[in-house]
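The values are calculated or read from the model by the stated rules, or taken from the named source; none is laboratory data. Note that the structure is a prediction, hence the values are computed from the model and not measured. Glycine gets a Cβ as well: all are built from the backbone with ideal geometry, and neighbour counts include every protein chain shown. Accessible surface is based on the protein model in full, side chains and every heavy atom, while ligands, DNA and RNA are left aside. Shrake-Rupley method; radii C 1.70, N 1.55, O 1.52, S 1.80 Å.
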Amino acid sequence: MTQRFSSLVVYPGSFDPITLGHLDIIRRAHSLFREVIVAVADSFNKDPLLPIDERIELIETVTEGLEGVRVERLKGLLVDFARKHGAKAIIRGLRAVSDFEYEFKMAWMNRRMAPDIETIFLIPSEKYAYISSSLVKEIVYLGGDVSTMVPEIVARRLEVLRGKLGEKGPSLEHD
Ligand code: ADP
């Protein structure tokens, strides 16, 4: 096994639901750092499809076997959460130029509040670079196949929830 940095890092997000893009970032973080906490947020201004407990459960299932990766609910400010757990850095995924502006703003705001915590950006494999949770939900709603975009267990769960997506309508918020 290759040597990993001894640090603990936090990977925050809404993960509604976890996609293969998220999982790719978790694996990359896991290959670099001793401990990775996947911190699942309540989604401040989004109306989530999956309740937080279910999002956590799905992430736990698909990260089983990745030693040093654990999943927790993120309450309050991310920097407070990171400090409380002794994290050295926050991990974020960058897909495209469109992610840049939001991610930079957030990284700078977090640095202002916690100059001791770095933000580290990881980029996914190009085959996952276009995947977003919101597009996955739209595709499911429209009757498409998302089996190449999310872990199998997530795809099955989304199938069951297709009806609920219908109630919400096709115009879902973008992440
Ligand atoms: P948020 O709730 O902050 O929008 P998400 O749950 O959508 O977060 O995503 C969490 C993090 O994972 C963000 O940094 C986001 O840019 C990143 N991410 C989302 N989808 C992908 C993907 N397909 N490849 C790489 N990173 C991704």
Next item on the list: Whenever you get a sec, compute what percent of the accessible area on the chain sits on carbon and sulfur atoms (1.4 Å probe).
Entry: 55 percent
Note to self: Quick check: from the Cα gyration tensor, does the stretch 9-110 come out rounded (a/c under 1.5), prolate or oblate?
What the structure shows: rounded
Notebook entry, point to check: Tell me, what ³J(HN,Hα) does each residue in the stretch 86-94 have, in order and in whole Hz, if you take phi through Karplus 6.51 cos²θ - 1.76 cosθ + 1.60 with θ = phi - 60° and put x for Gly and Pro?
Noted result: x, 6, 8, 8, 9, 9, 10, x, 10
Notebook entry, point to check: Using a Gaussian network for the chain with springs between C-alpha atoms less than 10 Å apart, which of these wobbles most: 86, 65, 21?
Noted result: 65
Next item on the list: Mind checking the per residue accessible area of the stretch 5-162 for me, 1.4 Å probe, whole number of Å²?
Entry: 52 Å²
Margin query: Is there a quick way to get the dipole size of the chain? I mean about its Cα centre, with the Cβ of Lys and Arg at +1 and of Asp and Glu at -1; what is the value in debye to the nearest 20?
Written below: 440 debye
Item checked: Modelled FRET efficiency - R0 30 Å, residue 160 with residue 72, Cβ distances, 0.05 increments -> 0.70
Note to self: I need the calculated FRET efficiency for the pair residue 5 and residue 97, taking r as the beta carbon distance and R₀ as 22 Å, to the nearest 0.05.
What the structure shows: 0.20
Next item on the list: Beta carbons within 10 angstrom, averaged per residue: use that to sort the peptides 128-135, 104-111, 11-18, 24-31, highest first.
Entry: 11-18, 24-31, 128-135, 104-111
Next item on the list: Along Cα→Cβ, 7 Å out, is where each label goes; now give me the distance between the ones at residue 108 and residue 42 in nm to one decimal.
Entry: 2.9 nm
Check: Check residue 40: other-chain or 5+ apart residues with amide H under 5 Å from its amide H, H built from backbone geometry?
Finding: 72, 73, 74
Next item on the list: Find the centroid of the Cα atoms in the stretch 1-78 and in the stretch 94-172, then give the distance between the two in whole Å.
Entry: 13 Å
Note to self: Restricting to DSSP H runs of at least four residues, report the calculated mean residue ellipticity at 222 nm for the chain, -39500 (n - 2.57) per run over all residues, nearest 500 deg cm²/dmol.
What the structure shows: -12500 deg cm²/dmol
Next item on the list: Give a residue-ordered list of calculated ³J(HN,Hα) values for the stretch 22-29 (Karplus: 6.51 cos²θ - 1.76 cosθ + 1.60, θ = phi - 60°; whole Hz; x for Gly, Pro).
Entry: 4, 4, 4, 5, 4, 4, 5, 5
